[in-house]
Amino acid sequence: MGPYPKVVILAGGKGKRLRALGQVLPKCLLPVFDKPLLVHQIEQCAQAGVRDVLVSTSAVFEASVRSALALYTPPRGMTISCAAESESLGPVAGLLSLVPWLEGEAALVLLGDEYYEHSSPFLSLAHRTAVPDLLLGVIPNSAPHRILCNVVTDAVGRVLSLREKPTLDQLVGSTRWCGFTGFGAGLLESVAQESAERCVHLGDLLSLLLTRGSRTEALEFREIHLNLNTADDALMASLVEARRQYRRDGHALLTAIEGVIECSYSRH
């Protein structure tokens, strides 16, 4: 077991930009090549040594998520459960409502619409013997239009500041948060409800904890990372995942897929 025995996957988003697809499927169940996005995330968490998974979703999609999980055989030694919000609480209040399930243990929190091509950051966690108060997944050298949450680090990977939804003139450097967070044991329990009520986005909560003195480190992820907000995003994630698997197998379609990704991702 790794230093983060639990993970919460926040999968309650409505997916409005997915149009008709978002009306019948939660973003976490969008197909990414040969399996749902949720399964990709669960299997990457298993590589980090996670033991218990809690998928938090909306009441609208609870039946769909539970059905998918019932058909899925999880990695050995892992248990998966599902919790549904009767009404939308938002990411911060929704996460804090799940604090009792954590039982004071260190935990990962993932946004349920994030696709990570590479699993190496997850694998690196399995070998850690100690964790900081906060561990933020970051991607350096990001194009400005991809930076929805701007992170500033020092030369040794300590996080100095974080800003949610920055304007172009507010950007400092080119590093972005990629929806991955590790919380040290008991950290979320320390958040007062009145403080959390001021936080609209999860990035706002992370910024609050950082300004309160939480020791925060960066965990570097490599591109490609995608937030599956649109059908185009989901298609690109499928192409990237196909490329990853075809490279291993030497598939005849590899060259064609690489050309499409190279042409499209730089403009995406």
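Laboratory data are not the source of any read-out in this text; all were calculated from the coordinates shown. Computed from a predicted model, the values in this text were never measured in an experiment. Neighbour counts are summed over all protein chains in view; Cβ atoms, including those assigned to glycine, are modelled from backbone coordinates with ideal geometry.
For this structure, a couple of remarks:
- Long-range neighbours under 6 Å by Cβ, at least six apart or interchain, first residue over 20 Å from Val24 (Cβ atoms) within region 218-232, second part of a strand (DSSP E or B) and aromatic (Phe, Trp, Tyr): His225/Tyr116; Leu226/Tyr115
- Residues in region 14-33 that are in a loop (DSSP other than H, G, I, E, B) and either within 16 Å of His118 (Cα to Cα) or touching a Ser or Thr at 6+ places or on another chain (Cβ under 8 Å) (or both): Lys14, Leu25, Pro26, Phe33.
- Scanning region 230-263 for residues that are of a type in the set (Gly, Ala, Ser) and surrounded by 14 or more Cβ atoms within 10 Å (Cβ to Cβ) gives Ala231, Ala234, Ala237, Ser238, Ala242.
- Filter pass, Ala46 being surrounded by fewer than 19 Cβ atoms within 10 Å (Cβ to Cβ), of a type in the set (A, V, I, L, M) and free of Cβ contacts under 8 Å to residues at least 40 places away in the same chain: no
- If the condition is being out of contact with any Gly (no Cβ under 9 Å at 6 or more places or on another chain) and surrounded by 16 or more Cβ atoms within 10 Å (Cβ to Cβ), then region 200-229 contributes Gly203, Asp204, Leu205, Leu206, Ser207, Leu208, Leu209, Leu210, Thr216, Glu223, Ile224, Leu226.
- Residue in region 153-160 that is touching a residue at least 24 places away in the same chain (Cβ under 8 Å), assigned to a loop (DSSP other than H, G, I, E, B) and closer than 22 Å to Ala107 by Cα present: yes
- Taken over region 1-40, the residue count meeting the criterion of being closer than 24 Å to Thr129 by Cβ and under 13 Å from the mean Cα position of the chain (by Cα) is 2.
- Within region 87-120, the set of residues being over 25 Å from Ala234 (Cα atoms), part of a loop (DSSP other than H, G, I, E, B) and out of contact with any helix residue (DSSP H, G or I) (no Cβ under 7 Å at 6 or more places or on another chain) comprises Glu87, Leu89, Ser97, Leu98, Glu103, Glu105, Ala106.
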